[in-house]
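The values are calculated or read from the model by the stated rules, or taken from the named source; none is laboratory data. All values reported here derive from a predicted model rather than from experimental measurement. Please note: Cβ atoms are built from the backbone with ideal geometry, for glycine as well, and neighbour counts cover all protein chains shown.
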Amino acid sequence: MPLAPPLVFLMRMTVEFDAPLVIAGGPLGDRRILRVARGAFSGPSMQGEVLPGGGDWVLGRQDGSTELDIRFALRAQGGELIFLRSMGLFVASPAIASRIRAGDDVPADSYYFRTSIVFETGATVLSELNRALHLGVGQRTSTGMITDIFAVS
């Protein structure tokens with residue numbers, strides 16, 4: 001019998017992006033670079049801000065799905081710095097993807113947005129972040145994204 005790991009809610013992260021840089025027609029597909037303008041996170045045991053300067057290097061693949069390469073710097077409420085690195089997939093019908101790019105809010109259950117996340121921090125009080133894998137369930141907004149993050153126990 002397979003052993004499924006439990007998920008424990010860690011935080012909800014909200015991020016706003018600057019206007020994307022678009023590199024169309026590249027050898028791997030269309031690339032969009034989304035730079036963080038601002039953001040915040042909060043959960044049962046921590047909260048803080050997503051710092052400007054990180055981003056999401058998005059690759060629109062030939063099969064219609066989108067690869068996500070996300071790297072953010074976070075600052076917890078106590079001043080501790082955390083690096084977030086995430087890889088994921090976003091899959092939506094062409095109509096839904098077009099609406100999202102046009103700035104429409106669409107229901108999160110109309111697309112697939114999942115990420116695998118690892119954290120890095122030197123802060124002793126947050127060191128458990130370094131020792132677990134995390135799963136993100138994302139939602140697109142008209143100016144960014146919301147991600148619920150769970151520790152995989």
Per the filter on the range 8-21, residues farther than 12 Å from ILE149 by Cβ, exposed (fewer than 15 other Cβ atoms within 10 Å of the Cβ) and at pLDDT 95 or above are LEU21
Qualifying position, being in a loop (DSSP other than H, G, I, E, B) and aliphatic (A, V, I, L, M), among ALA24, ALA37, ALA4: ALA4
Right, GLY136: touching an Asp or Glu at 6+ places or on another chain (Cβ under 9 Å), of a type outside the set (A, V, I, L, M, F, W, C) and under 17 Å from VAL36 (Cα atoms) or not? no
What is the residue count in the range 46-80 for residues that are at pLDDT below 95, among the small types (Gly, Ala, Ser) and surrounded by fewer than 19 Cβ atoms within 10 Å (Cβ to Cβ)? 3
Evaluation of ILE117 against (1) β-branched (Val, Ile, Thr); (2) in contact with a His (Cβ under 7 Å, 6 or more places away or on another chain); (3) in contact (Cβ under 8 Å) with a residue 60 or more places away in the chain (one fails), failing number: (3)
Can you give me the number of residues within the range 137-149 that are buried (at least 21 other Cβ atoms within 10 Å of the Cβ) and under 22 Å from SER45 (Cα atoms)? 4
Residue pairs within 6 Å by beta carbon, gap of at least six or interchain, first lying in the range 73-102 and touching a residue at least 24 places away in the same chain (Cβ under 8 Å) and of a type in the set (Phe, Trp, Tyr), second in a strand (DSSP E or B) and surrounded by fewer than 15 Cβ atoms within 10 Å (Cβ to Cβ), listed first then second, are PHE83/GLU120
